[in-house]
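Asker: Can you read through this structure? Questions will come right after.
The values are calculated or read from the model by the stated rules, or taken from the named source; none is laboratory data. A quick note: this is a predicted structure, and the numbers were derived from the prediction, not measured. Cβ coordinates were reconstructed from backbone atoms using ideal geometry, including for glycine residues, and neighbour counts include every protein chain displayed. We work out accessible area using only protein heavy atoms, side chains counted, and drop any ligands, DNA or RNA first. Shrake-Rupley method; radii C 1.70, N 1.55, O 1.52, S 1.80 Å.
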Amino acid sequence: MSQENHQNYQPQHIAIIMDGNGRWAKKRFLPRFVGHQKGLKSVKRLVAHCSAQGIKALTLFAFSTENWRRPEDEVNKLMGLFLRALQKEVSKLNDNNVRLLIVGDRTAFNAEIQEHITIAESMTCNNTGLVLSIAANYGGRWDIVEAVKKWQLANPDRSVSELNERELSPYVALSELPEVDLLIRTGGEQRVSNFLIWQIAYAEFYFTEDLWPDFNEESIDKAIASFAQRERRFGKTSEQVAK
Ligand code: IPE
Ligand code: IPE
Ligand code: MG
C-alpha cells in the first residue's frame, strides 16, 4: 500500500515527546524524580507493545538540548536514570530483537554513559525488530546544522550553495528509517520543543492531556486509531488521493 493511501494504514515510525513526568509527581506530592522513574516504566511498556504490534520504528524524546537548563539536581538524577537504564535494560532489548540507537550530541555525557551508549548500539546493531531511537541531548536545530557539517566533510570540494534537500537528508538523524508518520506529545502542551524538525515535515500530530507516566498500551492504540482516520494528502487534492 502506498504511503499516500491512508485509511487503516499503520504508522511505520512513531515519535513521542514524553512530557508530564514532573506534573504527574507534583499531583501526588512526590519529588519530580519519582515522575521520571515512573516515566521509564511507561517507556518499557510502550516499547514492548510497539514491538508486538509490528511498528518498525519508535523514537522517544528523553532529554533535549534545552533540558540542561533544569536544576542541577534534576539533571544529575536524569543522567543517573539514563545510565541505569542503559546498564539494566539493553540486554533485555537485545533478547527482544530491538535495535537501539541514541541520537543527539553524546559528547556532553560523562565517559561512563558514552561507553554504555557505544556498547548498547553495537550489541543490538544486527537486530531486525523494532528500531528504538532515544533522543538524548538532542535538538532539531542542532541536528540540521550537524547534517550540513557532515555533508561538507563528505564533499570537501563542493560548495554549500549546491546543497539541496535530497543531498542533505542522508546526513540528518534517523535518515535510515522510514519517515516519521505520527508524532505524539503527552502532557497537554501543543508544541514541538525543538524535537525532530526536519523529520516531522509530513507527520500527523497527536496531542493528549495524559501525563507520560499514565500513557499506556491503550493510549497509544488510541493515537494509532486516530492516525488511521487521517487523510494524508502530501500536497495533493483529496480527489487525487482517493484514486
Ligand atoms: C518530561 O517530563 C521528561 C523530560 C523532559 C526529561 P517533564 O519533566 O518535562 O514533566 P513536566 O512537564 O514538568 O510535567
Ligand atoms: C520536551 O519537554 C523535552 C522532552 C520531552 C525530553 P519539555 O518539558 O522540556 O518541553 P518544554 O520546556 O515544556 O517546551
Ligand atoms: Mg515538560
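Asker: So who's got an amide H within less than 5 Å of the one on ILE16, skipping anything under 5 residues away but keeping other chains? H placed 1.01 Å off N, in plane.
Answerer: For ILE16, the qualifying residues are THR59, LEU60, PHE61, ILE184.
Asker: Right, something else. Please give the net charge around ALA48, taking every other residue with its beta carbon less than 10 angstrom from that of ALA48, where Lys and Arg add +1 and Asp and Glu add -1.
Answerer: Summing Lys and Arg as +1 and Asp and Glu as -1 gives +2.
Asker: Additional query: Step through the table entries LYS56/LYS92; LYS88/LYS150; LYS38/LYS222; LYS150/LYS222; LYS92/LYS150, compare each Cα-Cα distance with 29 Å, and write down the pairs that go over it.
Answerer: LYS88/LYS150; LYS150/LYS222; LYS92/LYS150
Asker: Just the number please: accessible area per residue for the chain, 1.4 Å probe, all protein chains included, in Å².
Answerer: Counting only protein heavy atoms, the per-residue value for the chain is 52 Å².
Asker: Related question: Give me a comma-separated list of calculated 3J(HN,Hα) values for the stretch 187-198, in order, Karplus coefficients 6.51, -1.76, 1.60 applied at θ = phi - 60°, integers in Hz, x for any Gly or Pro.
Answerer: Each residue's phi maps through the Karplus curve to give x, x, 6, 10, 8, 9, 6, 6, 7, 3, 9, 4 Hz.
Asker: Another question, if that's okay. Applying the Karplus parametrisation 6.51 cos²θ - 1.76 cosθ + 1.60 with θ = phi - 60° to the phi angles of the stretch 89-105, what ³J(HN,Hα) value in whole Hz is obtained for each residue in order, glycine and proline being reported as x?
Answerer: Once θ is set to phi - 60°, the couplings for the stretch 89-105 become 9, 5, 5, 5, 4, 4, 4, 8, 6, 8, 9, 9, 10, 10, 10, x, 7 Hz.
Asker: Please get the size of the charge dipole for the chain, origin at its Cα centre, with Cβ charges of +1 on Lys and Arg and -1 on Asp and Glu, quoted in debye to the nearest 20.
Answerer: Dipole size: approximately 600 debye.
Asker: Calculate, in nm to one decimal, what ARG70 and MET123 gain on full extension: separation in residues at 0.36 nm each, minus their alpha carbon distance.
Answerer: 15.9 nm
Asker: Along the positive direction of the dipole of the chain (beta-carbon charges: Lys, Arg +1; Asp, Glu -1; about the Cα centre), which of TRP24, VAL103, VAL47 reaches farthest?
Answerer: Looking along the dipole axis, the top candidate is TRP24.
Asker: Can you list the equivalent-ellipsoid semi-axes of the stretch 99-145, largest first and in whole Å, using the square root of 5 times each Cα gyration tensor eigenvalue?
Answerer: Rounded to whole Å, the semi-axes are 20, 15, 6.
Asker: To continue, here is another question. Could you work out the relative contact order of the chain, using alpha carbon pairs under 8 angstrom and six or more residues apart, expressed as a whole percent?
Answerer: About 32 percent, as a whole number.
Asker: Using alpha carbons only, how many angstrom separate the centre of the stretch 88-132 from the centre of the stretch 202-243?
Answerer: If you average the Cα positions of each part, the centres end up 28 Å apart.
Asker: So if we plug the beta-carbon distance of GLN53 and GLU146 into 1/(1 + (r/R0)^6) with R0 = 22 Å, what FRET efficiency do we get, rounded to 0.05?
Answerer: Efficiency for this residue pair is about 0.10.
Asker: While we're looking at this one, here's another question. Given a cut-off of under 8 Å on Cα pairs at least six residues apart, what relative contact order in percent is computed for the stretch 121-177?
Answerer: 34 percent
Asker: Just the number: Rg to Rh for the chain, Cα atoms, Kirkwood Rh, two decimals.
Answerer: Here the Rg-to-Rh quotient is 0.97.
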